[in-house]
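To start, the structure under review is shown below, and the notes come after it.
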Amino acid sequence: MDELEKEQPILKYAKSFGKKEKVLNFTSNAYQLTRPNKVGAVMALIRECQPKTFEEWTHYYFENAHTKTKLPIKVTIEILEELGDRLYDKITEVVIPEWTEAFNQITKQDCYDYVYEVTVPRTYDGFINEKSVINDFLAKIFPEIEFEESDSDLDHSGDVDYIAKVGTKAFGIQIKPLTGNANFGNYNLTERMQANFEEFEKKYGGKVFVVFSTKVGNKKEVQNKKVIEEIQQEIQRLSS
């Protein structure tokens, strides 16, 4: 085989942060410091670019990346450094003190209880929450729509809880429970979720809507009421 025909090794340009990776990743996600509204839709950008080299991608990114906000801002190296400053501040001022306190208080019983809670009670609570939002709320507002649980074998199943059929087409529903001081106004889709939603729309024709629920009495109620109007508009679009 000719040397040129041999597979070339794939070079990796990303830096490894070792044991620090988990802390950096947790904090960045918790405070949404690398979301599209901060650094632009990076996966969409690199697909547009189709770079042959790392240098080509770097140039394209800083030429074209804008924050996904109402008033888009061009992303610069200075903006990324500012986000790095914020990440450091959150780690040193919030995460380390909170984790240190948790490390000092955690017990083996906490570990037993946590594994059980995540596996059994929280799974049940989530299941009942989804059922209540659909049966006690959405199905009553849209009685003509058939809501089905998403097939667990589908690629999008982790991000789409229910498929709502409109003739031969469908739109998706993802249900997010609101607890404590959670605020759906600060919620942003991850790039993975955005990609799954886009794949769903290509397959079924309809968009995916995120529905935020909270408990009112013994029933669940939708918090982001505007989504009802958006769903109605989608049903009309898919029906036409």
>> For region 41-58, check the following and say yes or no: at least one residue is over 21 Å from residue 191 (Cα atoms) and assigned to a helix (DSSP H, G or I).
In response: yes
> Restricting the first residue to region 223-237 and requiring it to be in the same structural domain as residue 136 (by TED's automatic domain parsing) and of a type in the set (A, V, I, L, M), which pairs with a second residue that is outside any helix (DSSP H, G or I) and surrounded by 13 or more Cβ atoms within 10 Å (Cβ to Cβ) meet a Cβ separation below 6 Å and a spacing of at least six or different chains?
Replying inline: 227/209; 227/211; 231/209; 235/166
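The values are calculated or read from the model by the stated rules, or taken from the named source; none is laboratory data. No experiment lies behind these values; they were computed from the predicted model shown. With ideal geometry, Cβ positions are generated from the backbone for all residues, glycine too; neighbour counts draw on all protein chains shown.
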